[in-house]
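Since the structure comes first, as structure tokens, the remarks are kept for the end.
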């Protein structure tokens, strides 16, 4: 009967220490979300099949986990697909629900469904797991948390400014200095293609440009030429391949390139607005950088695009991202609602804090004091004190069995419980408690009040 | 293209106010779990198919949500089951994962899988959603949270005592007075059947006895007779049908009935131990009651059985339950590990607190102050102050657009933001802020320090 237990690949068990560390990161993020005026919502883990399908492209559809209908699901299966053994076509007839793939589409669905109960602009945050049937690899899981903040119902650029401040506030709170907040704008990218007369090649263009870091200028140009962009066109925008300098210097160069593009000039104006606001309110520890190679989910974003990179000394890539999307709720029938949002990558942030040893020591603390169990009478004496300690906010435990003292001390040690109380007949007689500091080995006898005093 | 958005039946969206209230309940429970020395773990939302199947009986298996394999799942489908269109038999070959049905089986799997990393007794808590394909009805959902605390690795009765104290501590913290903690013991129930020589009818016996409240003494006896228990047998245990009085009085009566049953006498001893400890450390607001009709998941529990009922004025039934199980990890190959645990019913507790109006006022608070947006210069002036407020821990927002003032005030009102700041050119000139209390309508001009002072 016994099974060798395991968990599905790409999923994880979290031990108490891991949960404590994750909870710490989440609580810092939540705290800042709330200070910035975002309100929490939660949506179901699974959505109707048709709510999710078709929203993430063909590849996304494939990666969505589908839930098998209950009962005799084959009775209602698509007969033709069944006869042809066509898994893909059969699926919609035997699965009417699917696990959410991200928090953005469920949020759009939520906004449309509850539009009459919400006040716009609606600022929400949402911290929940999502699931993707991706090939698992280092730092990529099939179940992971997303931490999203979005505003819908306003196209004010102050929101972009606030999101940059929000990133800065969260990473400053986490003690993670020197993160790079990279910003781009789809209008700038559109401007480039307009200037060279290749608007319809926007995706090919940006997919290639996005690789500048990896394959270099020559590589990018080669790919662009292969996609049918002319040598001459590339000359017109030559400066973008070596764009360097401060935010303002980059803006100056872009201005000359994009002078003839209306949408490009709009993008420049947005950059200028953001740059000017941030220079009036300097970031605390993050750096803001203009990065015209940044594309992310381009077929989605219509304005600003954000990405946050961990400090250069840890090579872990993106720890957050986001952008503006002008018509997200349109897919559910609510048109012309502009939205902008950002996301924090919990798992990556975890790895970065771990690597830089930035988790506060207090995060690992659990039970503060263990009472050794010497027998029934002593246990009761101990539990009475434990009750007072708990009421005073101190996490305290009684070892449940009157086991050998050595066993109990080893338990305290292994669990890294910092203090131990030993109270036998003598202490009970005197109404005292033997108190031992497990680190220093020091021991003393104290009253209950004394115990509370030391442990507080 | 537009779809009318909806969510799967039995699932829920949670609005900001609902999330805040749920978070409040969870944080009270977590706080007490931690004071009692429980440590958090988390397990994946889905487990391997075989980890879950067969653990909850046939009905349970049916209610488990199965996840369809990715890709061309029919390629590996069981040919015979496919040809016979047998959904039930086909399932294991097209689904290798399933959503967890409770937190207990995943916990057992966790303990066995991680046994070498854990210190026993291991006290864990776990607060995560579970899924059941149950028919949705009032208070019953297809996705809901469980809040569980369990200890494995010790059979000490002090743990039963502590769980009773834990229930008392949580409900006292929530301001919910007068909950009834009902306790029973499988050994007592076994004792009854031993006394009447019907040990093998234990389940039939307890299923009938469990209905005493609903169908009365005559109904229960009728059902027992139908199940083949004799008139004579029922006479032997006649006093249990009218068991009344204090905990001690009930114990006295049970003692006489169970005198000839060894297991029954053990049950009595356990009751006495618990009763004596609790009388030495009286509960704060809860009442402990002995209820021999309580059965719950009997084929699971081997010792104590707990159930918590909401105060009688709210008719909502059980808001928590649990018990001792002596061999939970045995199904995964780790024998003779005794466990005991309890659970809190989040959704029911929510309804009870709502009905009795017990949510603290502070739970509903969100953003404390909204800055009205009069234009670019004013917005920047406002954002500089907002930044200081946020650093001081005050949730503050700028209305993102320079919309009509009335629109912005209506927004503040509807969102129940208690204070509003109005700062135009005149205030900027004087480096002051117009401050309005939305409840009283009072207005004054204050400095930034003044603003911080009032809002703190």
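Every read-out reported here was derived from the displayed coordinates using simple, explicitly stated rules and does not represent laboratory data. From a predicted model like this one, the values you see are computed outputs, not experimental measurements. All Cβ positions, glycine included, derive from the backbone under ideal geometry; neighbour counts span all protein chains shown.
Taking 0.36 nm per residue of sequence separation and subtracting the Cα-Cα distance, how much length would be gained by fully extending the chain between residue A:384 and residue A:260, in nm to one decimal? Display every interim value, and only then the final one.
Details: separation 124, 0.36 × 124 = 44.64 nm, distance 8.03 nm.
In short, 36.6 nm is gained.
Once you place label points 7 Å from the Cα toward the Cβ at residue B:241 and residue A:211, how far apart are they in nm?
In this crude spin-label approximation the distance works out to 8.4 nm.
Calculate, in whole percent, how much of the Cα-Cα pair population of the protein assembly as shown lies beyond 51 Å. Could you put the intermediate results ahead of the total?
Values: 116475 of 415416 pairs.
That tail contains 28 percent of the Cα-Cα pairs.
Measure of size requested: the Rg and Dmax of chain B, with Cα atoms as the atom set and Å as the unit; please supply both.
Over chain B's Cα set, Rg and Dmax evaluate to 28.7, 96 Å.
What's log10 of I(q)/I(0) for the range B:309-416 at q = 0.17, 0.22, 0.23, 0.24 Å⁻¹, Debye sum over Cα points only, no solvent?
The Debye formula, applied to the Cα set alone, gives -0.88, -1.11, -1.15, -1.20.
Restricting to bridges with both residues inside chain B, how much of the DSSP beta-bridge set is antiparallel, in percent to the nearest 5?
Working: 48 of 60 bridges.
In chain B, DSSP labels about 80 percent of beta bridges as antiparallel.
Just checking the output field for B:12-19: average partner chain Cβ neighbours within 10 Å of each residue's Cβ? Before the final figure, lay out each step's value.
Details: counts 3, 9, 7, 9, 10, 2, 3, 8.
The per-residue average across the peptide is 6.
Which whole-angstrom value gives the distance between the alpha carbon centres of the range A:17-36 and the range B:135-158?
If we compute the Cα centre of each part, the gap is 25 Å.
Would you calculate a helix-derived [θ] at 222 nm for chain A, using -39,500 (n - 2.57) for each DSSP H run of n ≥ 4 and dividing by the full residue count, to the nearest 500? Kindly include the intermediate steps, with their values, before the conclusion.
Details: 18 runs with 189 residues, N = 456.
The helix contribution divided over chain A gives -12500 deg cm²/dmol.
Along Cα-to-Cβ, 7 Å out, sits the label point; list in nm, shortest first, how far the one on residue A:354 is from those in the other copies.
Result for residue A:354, in nm, nearest copy first: 4.0.
In degrees between 0 and 90, to the nearest 10, how far off the longest principal axis of chain A does helix A:158-173 point, with axes built from Cα atoms?
Around 30 degrees separate the two axes.
Give the residues of the range B:178-202 whose amide nitrogen is closer than 15 Å to a point set 7 Å from the Cα of residue B:251 in the direction of its Cβ.
B:183-185, B:188
Roughly what angle does helix A:212-226 make with the longest principal axis of chain A, taking Cα atoms, 0 to 90 degrees, to the nearest 10?
30
At residue A:452 and residue B:405, where each label point lies 7 Å from the Cα along Cα→Cβ, what is the point-to-point distance in nanometres?
According to this spin-label approximation, the distance is 5.4 nm.
Suppose we look only past 18 Å in the calculated P(r) of the range A:164-238. What percent of the Cα-Cα pairs does that tail hold? If you can, show how the numbers build up before the last one.
On the way: 1372 of 2775 pairs.
Counting pairs separated by more than 18 Å, the tail of P(r) holds 49 percent.
Please work out whether the range B:365-455 counts as rounded, prolate or oblate from its C-alpha gyration tensor, where a ≥ b ≥ c are the square roots of the eigenvalues and a/c under 1.5 means rounded, while otherwise a/b larger than b/c means prolate and anything else oblate? Walk me through the numbers on the way to the answer.
Numbers: a/c = 1.29, a/b = 1.06, b/c = 1.22.
Cα axes put the range B:365-455 in the rounded bin.
For residue B:361 and residue A:13, FRET efficiency with R0 = 60 Å and r from the beta-carbon atoms, rounded to 0.05?
FRET efficiency, residue A:13 to residue B:361: 0.95.
Compute the helix-to-body angle for B:104-113: its Cα long axis versus the longest principal axis of chain B, expressed 0 to 90° and rounded to tens.
Result, in degrees: 90.
Rounded, prolate or oblate: pick one for the range A:188-338, where a ≥ b ≥ c are the square roots of the eigenvalues of its C-alpha gyration tensor, a/c under 1.5 means rounded, and failing that, prolate if a/b is larger than b/c, else oblate.
rounded
Is the range A:269-337 best put as rounded, prolate or oblate by its Cα gyration tensor, with a ≥ b ≥ c the root eigenvalues, rounded for a/c under 1.5, and otherwise prolate when a/b is larger than b/c, oblate when not?
Details: a/c = 2.59, a/b = 1.48, b/c = 1.75.
Oblate, because a/c is 1.5 or more while a/b does not exceed b/c.
Given the rotation that superposes chain A on chain B, what residue of A brings its beta carbon nearest the axis, and what is the distance in Å?
Result for the A and B rotation: A:68, 2.
Can you pull the one-decimal nm distance between simple spin-label points at residue A:391 and residue B:276, each 7 Å off the Cα toward Cβ?
Inter-label distance under the simple model: 2.4 nm.
Indicate, rounded to the nearest 5 percent, the antiparallel portion of the DSSP beta bridges found entirely in the range B:358-456.
Of all bridge pairs located within the range B:358-456, approximately 55 percent are antiparallel.
Using r as the Cβ-Cβ distance of residue A:442 and residue B:134, and R0 as 60 Å, what FRET efficiency do you calculate, to the nearest 0.05? Show your work: numbers first, answer last.
Details: r = 56 Å, r/R0 = 0.94.
With a Förster radius of 60 Å, E is 0.60.
Between copies, how close do the residue A:76 label points come, placed 7 Å along Cα→Cβ, listed in nm from shortest?
So the distances to the same position in the other copies read 2.7 nm.
Report, for residue A:444, each distance to the same residue's label point in the other copies, shortest first and in nm; define the point 7 Å along Cα→Cβ.
4.8
Taking every residue in A:380-388, how many Cβ atoms of other protein chains lie within 10 Å of its Cβ, on average?
Numbers: counts 6, 1, 1, 7, 2, 0, 6, 6, 0.
Going residue by residue through A:380-388 and averaging, the value is 3.
Give me the inter-chain shielding for A:393-399: mean count of other chain Cβ atoms within 10 Å, whole number please. Kindly include the intermediate steps, with their values, before the conclusion.
Numbers: counts 3, 1, 9, 3, 7, 7, 4.
Averaged over the peptide's residues, the number is 5.
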